[in-house]
1. Any chance region 146-156 includes a residue that's farther than 22 Å from residue 73 by Cβ, over 14 Å from the mean Cα position of the chain (by Cα) and either at pLDDT below 95 or surrounded by fewer than 20 Cβ atoms within 10 Å (Cβ to Cβ) (or both)?
2. Take the residues in region 77-107 that are part of a loop (DSSP other than H, G, I, E, B) and more than 15 Å from the chain's Cα centre (by Cα), then tell me which one is surrounded by the most Cβ atoms within 10 Å (Cβ to Cβ).
3. From 19, 49, which residue is farther than 18 Å from residue 171 by Cα, crowded, with 18+ Cβ neighbours inside 10 Å, out of contact with any strand residue (DSSP E or B) (no Cβ under 7 Å at 6 or more places or on another chain) and modelled with pLDDT of 95 or more?
4. Return the total of residues in region 24-57 being assigned to a loop (DSSP other than H, G, I, E, B) and more than 17 Å from the chain's Cα centre (by Cα).
5. Determine if region 123-142 includes at least one residue that is touching a strand residue (DSSP E or B) at 6+ places or on another chain (Cβ under 7 Å), over 25 Å from residue 62 (Cβ atoms) and in contact (Cβ under 8 Å) with a residue 40 or more places away in the chain.
6. Any residue at all in region 109-130 that's modelled with pLDDT of 95 or more, in a helix (DSSP H, G or I) and either surrounded by fewer than 20 Cβ atoms within 10 Å (Cβ to Cβ) or within 14 Å of the chain's Cα centre (by Cα) (or both)?
7. State all residues of region 1-23 that are in contact (Cβ under 8 Å) with a residue 40 or more places away in the chain and either farther than 23 Å from residue 157 by Cα or part of a loop (DSSP other than H, G, I, E, B) (or both); if no residue qualifies, say none.
8. Name the residue that is surrounded by the fewest Cβ atoms within 10 Å (Cβ to Cβ), counting only residues in region 61-76 that are over 14 Å from residue 11 (Cβ atoms) and touching a strand residue (DSSP E or B) at 6+ places or on another chain (Cβ under 8 Å).
């Protein structure tokens, strides 16, 4: 079974269409799957829409990107997990190709690179620059050839995650899980098309970017990396 996990906070503008696109992509595969939404105190109609679509909702009262995923992984019924955001920036249509690559190459962790096929204006210059800094820091500090350390679309085995000992409960979760996977399991990064997000912006550009960079330095020089 496959679990598609989506974290949400106030995503009523896009979550319905994202669910529909996932179902359209998964349908031809003829495989057992679930769509699991991990919601952190949405104040709009996000949960109502998800339930109307017949998907599972897990409520996570504690905020944090990593916290949402840890909760989702613990509740997932599938051994294979697919992640993506609820803001329609990642392409559900790429799921069949990503899954085929994941299975054919017997991977443990597959991550998508947003910069390979990014649509025009999908990311501001400020965000591009911030990502460049974090990607460069990741390569220099850890020696892993990641082109997009902050991507939110992955495929992984649930059993592999349980062995990675990912500490972060915030945005650094995304870079930490990739670094540890790239160093310890069968790992690959491939490009996807990336689009302009819909709905409310959650990322605090400078504050979150600085926190991510500090986390990388701390992780690198920790005895338990």
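The values are calculated or read from the model by the stated rules, or taken from the named source; none is laboratory data. These figures come from a predicted structure and were not determined experimentally. Backbone-built Cβ (ideal geometry, glycine too); neighbour counts: all protein chains shown.
1. There is at least one residue in region 146-156 that is farther than 22 Å from residue 73 by Cβ, over 14 Å from the mean Cα position of the chain (by Cα) and either at pLDDT below 95 or surrounded by fewer than 20 Cβ atoms within 10 Å (Cβ to Cβ) (or both).
2. So the first thing to find is which residues in region 77-107 are part of a loop (DSSP other than H, G, I, E, B), and the list is 77-79, 84-91, 105-107.
Keeping just the survivors that are more than 15 Å from the chain's Cα centre (by Cα) gives 77-79, 105-107.
Working: 77: 13, 78: 18, 79: 13, 105: 10, 106: 7, 107: 20.
Ranking the qualifying residues of region 77-107, first place goes to 107.
3. After applying the criteria, what remains is 49.
4. Counting residues in region 24-57 that are assigned to a loop (DSSP other than H, G, I, E, B) and more than 17 Å from the chain's Cα centre (by Cα) gives 11.
5. no
6. Looking through region 109-130, none of the residues is modelled with pLDDT of 95 or more, in a helix (DSSP H, G or I) and either surrounded by fewer than 20 Cβ atoms within 10 Å (Cβ to Cβ) or within 14 Å of the chain's Cα centre (by Cα) (or both).
7. Those that are in contact (Cβ under 8 Å) with a residue 40 or more places away in the chain and either farther than 23 Å from residue 157 by Cα or part of a loop (DSSP other than H, G, I, E, B) (or both): 1, 9, 10, 11, 12, 13, 14, 15, 17.
8. 75
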